[in-house]
Amino acid sequence: MIWLITWITAFFFIFQLVNTYDGTDYAPLMVLVLIVLLLRWLIYRFIRKRILMRKYKDKEVVRNIIRRKIWMGASTEMIKDSWGRPGDIKSGSHKTVWCYGNIGKNRWKHRITFNRDDVVSSWTEN
């Protein structure tokens with residue numbers, strides 16, 4: 001959703017720049033570009049949802065992944081599909097911690113802890 005807002009903002013910025021530059025009205029072209037970007041986003045989302053349904057065969061899991069949620073019992077693969085690759089992985093004898101959102105040296109905004117079976121056992125959000 002954030003990238004969609006970014007594209008709309010860029011669209012209006014370029015629209016203002018172009019219209020003040022030579023006086024030609026490029027509004028129809030800019031609207032077409034915005035529609036194409038929106039369709040591309042919708043198609044991407046539809047395809048991603050179908051791929052995840054084939055992979056996990058569970059609507060609730062797919063819904064959680066698309067909404068970028070963390071939940072107890074999620075596997076490392078599910079979290080990787082939801083949040084992407086972690087910024088850092090800290091492994092111990094009984095647990096593994098995935099870190100996301102570096103906010104300083106060895107400081108992370110989100111930490112997800114997995115038990116020995118590679119299943120989420122806890123997480124923190126700072």
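The values are calculated or read from the model by the stated rules, or taken from the named source; none is laboratory data. Fair warning: this is a prediction, and the values are worked out from it, not measured in the lab. We place every Cβ from the backbone using ideal geometry, glycine too, and count neighbours over all the protein chains shown.
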Residue within segment 74-96 that is touching a strand residue (DSSP E or B) at 6+ places or on another chain (Cβ under 9 Å), free of Cβ contacts under 8 Å to residues at least 40 places away in the same chain and of a type in the set (F, W, Y) present: yes
Matching residues in segment 79-113 - criterion: being in contact with a helix residue (DSSP H, G or I) (Cβ under 8 Å, 6 or more places away or on another chain) and within 18 Å of R45 (Cβ to Cβ): D81, S82
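From the list L34, L42, L52, which residue is under 18 Å from the mean Cα position of the chain (by Cα), surrounded by 14 or more Cβ atoms within 10 Å (Cβ to Cβ), part of a helix (DSSP H, G or I) and modelled with pLDDT of 75 or more?
Working: L34 fails: under 18 Å from the mean Cα position of the chain (by Cα); L42 fails: surrounded by 14 or more Cβ atoms within 10 Å (Cβ to Cβ).
Result: L52 is the single residue among L34, L42, L52 that is under 18 Å from the mean Cα position of the chain (by Cα), surrounded by 14 or more Cβ atoms within 10 Å (Cβ to Cβ), part of a helix (DSSP H, G or I) and modelled with pLDDT of 75 or more.
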Selection within segment 71-85 - touching a Ser or Thr at 6+ places or on another chain (Cβ under 9 Å) and either crowded, with 19+ Cβ neighbours inside 10 Å or in a helix (DSSP H, G or I) (or both): A74, T76
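Would you mind stating whether I66 is β-branched (V, I, T), assigned by TED's automatic domain parsing to the domain that holds I5 and at pLDDT below 95? Before the answer, list the steps.
Working: β-branched (V, I, T): yes; assigned by TED's automatic domain parsing to the domain that holds I5: no; at pLDDT below 95: yes.
Here the answer is no, as I66 does not meet what is asked.
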Among (1) out of contact with any His (no Cβ under 8 Å at 6 or more places or on another chain); (2) on the phi > 0 side of the Ramachandran plot, the one test that G101 misses: (1)
Enumeration of residues in segment 96-125 that are of a type outside the set (V, I, T), more than 16 Å from the chain's Cα centre (by Cα) and within 26 Å of E60 (Cα to Cα): W98, R111, F114, N115, R116, D117, D118, S121, S122, W123, E125
